[in-house]
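*Asks:* Got a structure for you, questions after.
The values are calculated or read from the model by the stated rules, or taken from the named source; none is laboratory data. Because the structure is a prediction, the values reported are computed rather than measured. Every residue, glycine among them, receives a Cβ derived from its backbone with ideal geometry; neighbour counts consider all protein chains shown. Remember, those area values only see protein heavy atoms, side chains included, never the ligands or the DNA or RNA. Shrake-Rupley method; radii C 1.70, N 1.55, O 1.52, S 1.80 Å.
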Amino acid sequence: MWQFQDFAAPTPGSACDQNAGQCFTAHWNADGHDWVCHTAGGSKGISFGDPDGSLHVNLLPVGDDALPVATEQSVRGDVWNVTLPQADSQYSLRLALRVVEATETRLVIEPTLSIQTLLLDTHPTLDLTALGDCGVIFDEGDTLGDGSPPISTVQLHGETGSIAVLLAPTDAPFTTDLRREGHLQLRLFGEFLEKGVIRKARPWIVLDRSEQGVSEADLQAYLKRLCETPLPLTA
């Protein structure tokens, strides 16, 4: 289950600044390995992966946009919900993070992102990027229209580890593939967002630190499960 520090019950002797979002870090322990996710937003960013950062995926703003800062979090069942209100940003963001599968060597996580704005003319844009020393990048499956392929993968160069990002048909055609050698970059949203409208994206992220990596059969099976999983209504 998710383990995180609550503002209402800080660790004795520790400093916890709610406005700076220092406590919006949660861990999921699987067979003795600690997977970690950061969702503070703002300058602290949003990321998912290994504690040492070698096998990590980051969620980044684009251009002059800045990520809103997290102010609330809660856990309901196996879902960690984080609220990042608009405040001085261009949009608000709600995250619902669900662990699909977790072992010592593999994490499959489903972050559902919901964006909304109070402004009249905005184009909220977020990039999902692979961190670390990335090497060969390849696809499994066909690109849908002008969007991104259903499965994009990254093999870390010089060390054990691989990353895959899976997109369902509801997301793949509307995600821009901006990869370049050694760097995975998938652009979510980016279109005009009307005031009051909620737009969602729900990639599945597969992080694998085993020597054998993730097989094509496993990736196709995960994609099938993603396509068969209803989009959460409350995220």
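*Asks:* Quick check on region 45-54: of everything there that is at pLDDT below 85 and not hydroxyl-bearing (Ser, Thr, Tyr), which residue is least open to solvent (accessible area, probe 1.4 Å)?
*Replies:* Asp50
*Asks:* Could you tell me whether any residue of region 214-232 is on the phi > 0 side of the Ramachandran plot and touching a residue at least 12 places away in the same chain (Cβ under 8 Å)?
*Replies:* Among the residues of region 214-232, not one is on the phi > 0 side of the Ramachandran plot and touching a residue at least 12 places away in the same chain (Cβ under 8 Å), which makes the answer no.
*Asks:* What are the pairs with Cβ atoms under 8 angstrom where one residue, in region 176-195, is at pLDDT 85 or above and aliphatic (A, V, I, L, M) and the other, located anywhere, is open to solvent by 40 Å² or more (accessible area, probe 1.4 Å) and outside any strand (DSSP E or B)? Sequence gap at least six, or different chains.
*Replies:* Listed by first residue and then by second, the contacts come to Leu186/Leu178; Leu186/Arg179.
*Asks:* Would you point out which residue out of Thr170, Thr229 is within 16 Å of Arg98 (Cβ to Cβ) and modelled with pLDDT of 80 or more?
*Replies:* Thr229
*Asks:* Surrounded by 16 or more Cβ atoms within 10 Å (Cβ to Cβ), farther than 27 Å from Arg225 by Cβ and touching a residue at least 40 places away in the same chain (Cβ under 8 Å), is that true of Thr71?
*Replies:* Spelling it out, Thr71 is indeed surrounded by 16 or more Cβ atoms within 10 Å (Cβ to Cβ), farther than 27 Å from Arg225 by Cβ and touching a residue at least 40 places away in the same chain (Cβ under 8 Å).
*Asks:* Give region 79-95 a look and list any residue that's touching a strand residue (DSSP E or B) at 6+ places or on another chain (Cβ under 6 Å) and open to solvent by 10 Å² or more (accessible area, probe 1.4 Å), or say none.
*Replies:* Those that are touching a strand residue (DSSP E or B) at 6+ places or on another chain (Cβ under 6 Å) and open to solvent by 10 Å² or more (accessible area, probe 1.4 Å): Val79, Asn81, Thr83, Pro85, Gln86, Gln90, Ser92, Arg94.
*Asks:* Aliphatic (A, V, I, L, M) and more than 20 Å from Gly41 (Cβ to Cβ): is that true of Val100 in this structure?
*Replies:* Here the answer is yes, as Val100 does meet what is asked.
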